[in-house]
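A short worksheet on the structure shown next.
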Amino acid sequence: MASKNIHEALGEFAWKKRQLIVFTPSIENKQYQLFNKSLIEFNQGFNERNIQSWHVIANDKVLLKDISREELKAKNFRTTYSVNNEEFRLILIGLDRGEKLRQQIVNLDEIFAKIDQMPMRIRELQPK
């Protein structure tokens, strides 16, 4: 299978999903483990804000919803977003595919607050 372009992959969800790209040097990384616990604990918050998480593990694999995306290369994600193999990093991508926030530690309050201030989110919350 040919390697897929990251922008194409993220583009599949443009205007539908906010995307959180989680870079971790290993699955044993403490921040990564904290993120995974938070993903379960705050699942409703993620769902309400239409957030899906991509997991870029080392230079090894890319997961979306716990499913390996073999057509995508971890190295390409790391190069595109300038994140090296030893770093833990969270990058929030908006509905428009623009980068909105970078974190070196898990801070869901900051992520949720950032999203809740976005014009698209404010419109989502308005009564129909």
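Between the DSSP loop rule and a limit of at most 11 other Cβ atoms within 10 Å, which GluC sites (Glu not before Pro) in the stretch 21-97 are left?
Hits after loop and neighbour filter: GLU28, GLU70, GLU86.
Could you tell me what percent of the DSSP beta bridges with both partners in the chain are antiparallel, to the nearest 5?
Taking every DSSP beta bridge within the chain, about 70 percent pair in antiparallel fashion.
Using the Cα centre as the reference, give the magnitude of the dipole from point charges on the C-beta atoms of the stretch 1-117 (Lys, Arg: +1; Asp, Glu: -1; all else neutral), rounded to the nearest 20 debye.
It comes to approximately 180 debye.
Give me the distance in nm between label points sitting 7 Å out from Cα along the Cα-to-Cβ direction at ILE67 and SER82, one decimal.
The answer from the label model is 3.3 nm.
Note down the net charge around SER26, summing +1 for each Lys or Arg and -1 for each Asp or Glu among other residues with Cβ under 15 Å from its Cβ.
For residues surrounding SER26, the net value is 0.
First select every other residue whose beta carbon is under 13 angstrom from the beta carbon of SER38; then total the charges, Lys and Arg +1, Asp and Glu -1.
It works out to a net charge of -1.
For helix 30-41, what angle does its Cα long axis make with the longest principal axis of the chain, in degrees from 0 to 90 and rounded to 10?
The two axes meet at around 40 degrees.
Around ARG69, which amide H atoms from residues at least 5 apart in sequence, or from another chain, sit under 5 Å from its own amide H, with H modelled in the peptide plane?
Amide H neighbours of ARG69, under 5 Å, 5+ apart: VAL62, LEU63, LEU64.
Once amide H atoms are built 1.01 Å from N in the peptide plane, which residues 5 or more positions from SER53, or in another chain, come under 5 Å H to H?
Excluding prolines and chain starts, which carry no amide H, the hits are LEU20, LYS65.
Just from its helices, what would the mean residue ellipticity at 222 nm be for the chain, if runs of 4 or more DSSP H residues each count -39500 (n - 2.57) and the sum is divided by every residue, rounded to the nearest 500 deg cm²/dmol?
Using -39500 (n - 2.57) per qualifying helix, the result is -9500 deg cm²/dmol.
On a C-alpha basis, how far is the centre of the stretch 13-41 from the centre of the stretch 51-114 in Å? Whole number, if you could?
7
Here, each number is a calculation from the coordinates, and none is a lab measurement. Only a predicted model underlies this, so the values are computations on that prediction, with no experimental measurement involved. Using ideal geometry, Cβ is built from the backbone for each residue, glycine included, and neighbour counts are taken over all protein chains shown.
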